[in-house]
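A.B. asks: Can you read through this structure? Questions will come right after.
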Amino acid sequence: MVEAAQRFNSSGLWGLGSFPVVRPRRLRLHRYVRGLVAEASLDPSRFILPVFVEEGLKAPRPLASLPGHMKYPLDGSLVEYVSKALEEGVRAFLLFASPSLRDFRGSKAWDPHGPAQEAVRLLRRELGWEPVVFADVCLCGYTEHGHCGYPRETPRGVMIENDASIDAYARTAVSLAEAGVDFVAPSGMMDGQVAAIRRALDEAGYSEVGIMSYSAKYASSFYGPFRDVMDSSPRFGDRRSYQMDPRNRMEALKEVALDLQEGADIVMVKPALSYLDVISEIKKAFPWAPLAAYNVSGEYLMVKAAAERGYVDHDSLMLEILYSIRRAGADIVITYHALEAARLLREGRVPF
Ligand code: PBG
């Protein structure tokens, strides 16, 4: 259709005519008209709020590198936080847990009484099936070495053992399913992680538990504040042998295609902002696949830091960013801004 119209009108304007007949600004004069013709929408039902818990904590602990967020103990304060979010219209949560003890294998990750499992049980007991609970599946917060898989010395340096690591992910996923999660979210960028988890969940009788895969997760500097919170930086080496190279766009299509084939229900791009092109490319290639984008800790902290210095208007910058992620093609936005953005949207304080 478009091609035919283009051929019809050599000006390339598809027979629209041009100035002064056409004045695009007419649609920008009135706030409600702008709303009528706005292409991207934002609604708290699209948000996933990351939530942090820590085993053995006595009281909620404010997180300096994620202002406005806390680490919660496994008690009523966590339940209260989640139920308050539910009231604000944020209904989906991504759980990150820290154990009190780590070992080489990260065995607390799949311990039936590990902090993630206990947190899920607590939420289910107190709030039933109302919150949609996603749980991160990885080893970096559970291992002494801080890698997302098992490192091994080789002549070419430290290698991460892919296949042993995905066995651990599969075991972790099953234990989280037993505790009552809706979705597991493998974030370690091991090959075959989705297939291994899908098979294990199905074999254990959890075919209804879904997988949101961190499909295109880049080796990014934007994770700094998160690693500070989780104390999950690798103690040696880095993550470049398993996370994606920031220079690559098309490779993300391959990662997503593989994850979808392995049974991922939702795929994800992470971080969001420096990778809006990747989000858009994936949406175009797989329009039927639910796509999440993770607006990560460093992106969040940059907004907070710039606003604190008075260089930017916090609320409008935040919404501009969240809309840009939706405009690029993400269906779901995982963001530390979820609660404050939900409040603004509910009050109709959209600055566009
Ligand atoms: C761990 C993991 C990371 C994040 C979520 N899960 C970071 C990493 O690779 O170290 C980052 C989240 C954020 O920065 O907000 N596999």
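A.B. asks: Give me the net charge of residue 324's neighbourhood, meaning all other residues with Cβ under 12 Å from the Cβ of residue 324; Lys, Arg count +1, Asp, Glu -1. All intermediate terms of the calculation are to be shown ahead of the outcome.
C.D. replies: Numbers: positive: 326, 327; negative: 39, 277, 299, 320.
Result for the neighbourhood of residue 324: -2.
A.B. asks: Starting from region 253-335, pick out the chymotrypsin sites (Phe, Trp or Tyr not before Pro) whose DSSP state is loop and whose Cβ has at most 10 other Cβ atoms within 10 Å.
C.D. replies: 288, 311
A.B. asks: Another question, then. For region 151-255, what ratio Rg/Rh do Cα atoms give with a Kirkwood hydrodynamic radius?
C.D. replies: Computed over Cα atoms, the ratio is 0.99.
A.B. asks: Pull out a ≥ b ≥ c, the square roots of the eigenvalues of the alpha-carbon gyration tensor of region 39-346, then state rounded if a/c is under 1.5, prolate if not and a/b is larger than b/c, and oblate in the remaining case. Mind showing how you got there, number by number?
C.D. replies: Working: a/c = 1.31, a/b = 1.12, b/c = 1.16.
Cα axes put region 39-346 in the rounded bin.
A.B. asks: Then there is this: Under 20 Å from the 7 Å Cα→Cβ point of residue 124, by amide nitrogen: which residues of region 179-195?
C.D. replies: 179-186
A.B. asks: Follow-up. With a 1.4 Å probe and all protein chains kept in place, how much accessible area does residue 86 have, in Å² rounded to the nearest 10?
C.D. replies: For residue 86, solvent-accessible area is about 30 Å².
A.B. asks: Along the Cα-to-Cβ line of residue 33, 7 Å from the Cα, sits a label point; which residues in region 317-352 have backbone N less than 18 Å from it?
C.D. replies: Answer for region 317-352: 352.
A.B. asks: Once the Cα atoms of helix 297-308 and of the chain are each reduced to a long axis, what angle between those two axes, in degrees from 0 to 90 to the nearest 10, is obtained?
C.D. replies: 60 degrees
A.B. asks: Normalized C-alpha radius of gyration of region 287-352, against 2.2 N^0.38 Å?
C.D. replies: Rounded to two decimals, the normalised Rg is 1.14.
A.B. asks: May I pose another question? Give me the percent of accessible area attributable to carbon and sulfur for the chain, probe 1.4 angstrom.
C.D. replies: Heavy-atom surface of the chain belonging to carbon and sulfur, 1.4 Å probe: 53 percent.
A.B. asks: Through the Karplus equation 6.51 cos²θ - 1.76 cosθ + 1.60, θ set to phi - 60°, convert the phi angles of region 153-160 into ³J(HN,Hα) values in whole Hz; use x for Gly and Pro.
C.D. replies: 6, 9, x, 9, x, 6, 10, 9
A.B. asks: So, one more: Please tell me the relative contact order of the chain in percent, rounded to the nearest whole number, where contacts are Cα pairs under 8 Å and at least six residues apart.
C.D. replies: Values: 645 pairs, mean separation 58.6, N = 352.
For the chain, the relative contact order is 17 percent.
A.B. asks: Just reorder 280, 165 by solvent-accessible area, largest first, 1.4 Å probe, all chains present.
C.D. replies: So, going from the largest accessible area down, we get 280, 165.
A.B. asks: Per-residue HN-Hα couplings for region 68-79, Karplus 6.51 cos²θ - 1.76 cosθ + 1.60 at θ = phi - 60°, whole Hz, x for Gly and Pro?
C.D. replies: Values, residue by residue: x, 10, 10, 9, 9, x, 7, 8, x, 5, 5, 4 Hz.
A.B. asks: Nearest 500 deg cm²/dmol is fine: what mean residue ellipticity at 222 nm does the chain get from its DSSP H runs of n ≥ 4 alone, each adding -39,500 (n - 2.57), divided by its residue count?
C.D. replies: Helix-only estimate at 222 nm: -11500 deg cm²/dmol.
A.B. asks: If Lys and Arg each add +1 and Asp and Glu each add -1, what is the summed charge of the other residues whose beta carbon sits under 11 Å from the beta carbon of residue 244?
C.D. replies: Here the count lands on +4.
A.B. asks: Report the extension gain between residue 265 and residue 77 in nm, rounded to one decimal, defined as 0.36 nm multiplied by the number of residues separating them, less their alpha carbon distance.
C.D. replies: Fully extending the segment from residue 265 to residue 77 adds 64.6 nm.
A.B. asks: Let me ask something else about it. Just the ratio, please: alpha-carbon radius of gyration of region 81-235 over 2.2 N^0.38 Å, N its number of residues.
C.D. replies: 1.04
A.B. asks: Multiplying the sequence separation of residue 199 and residue 327 by 0.36 nm and subtracting their Cα-Cα distance, what value in nm do you get?
C.D. replies: 42.6 nm is the gain from fully extending residue 199 to residue 327.
A.B. asks: To continue, here is another question. Please give the FRET efficiency for residue 22 paired with residue 219, using the beta carbon to beta carbon distance and R0 = 45 Å, rounded to the nearest 0.05. The partial results should precede the final answer.
C.D. replies: Details: r = 46 Å, r/R0 = 1.02.
Computed FRET efficiency for residue 22 and residue 219 comes out at 0.45.
A.B. asks: Same structure again: Between residue 105 and residue 306, what FRET efficiency comes out of the Förster formula 1/(1 + (r/R0)^6) with R0 = 51 Å and r the beta carbon distance, rounded to 0.05?
C.D. replies: 0.80
A.B. asks: Would you mind checking which residues have amide H under 5 Å from residue 97's amide H? H placed 1.01 Å from N; only 5 or more apart, or other chain.
C.D. replies: 53
A.B. asks: In the structure displayed, which of 71/283; 71/270; 284/304 lie more than 29 Å apart, Cα to Cα?
C.D. replies: Flagged as over cut-off: 71/283; 284/304.
A.B. asks: Under 5 Å between amide H atoms, partner at least 5 residues away or on a different chain: which partners does residue 69 have, H built in plane at 1.01 Å?
C.D. replies: It is 63, by chain and number.
A.B. asks: Please list 3J(HN,Hα) in residue order for region 212-224, calculated via the Karplus relation 6.51 cos²θ - 1.76 cosθ + 1.60 where θ = phi - 60°; whole Hz, with x for glycine and proline.
C.D. replies: The phi angles translate into 9, 9, 6, 6, 10, 10, 8, 6, 10, 7, 6, 8, x Hz.
The values are calculated or read from the model by the stated rules, or taken from the named source; none is laboratory data. Note that the coordinates shown come from a computational prediction; the quantities given were computed from them, not determined experimentally. Please note: Cβ atoms are built from the backbone with ideal geometry, for glycine as well, and neighbour counts cover all protein chains shown. The area values use the complete protein model at the heavy-atom level, side chains included, leaving out ligands, DNA and RNA. Shrake-Rupley method; radii C 1.70, N 1.55, O 1.52, S 1.80 Å.
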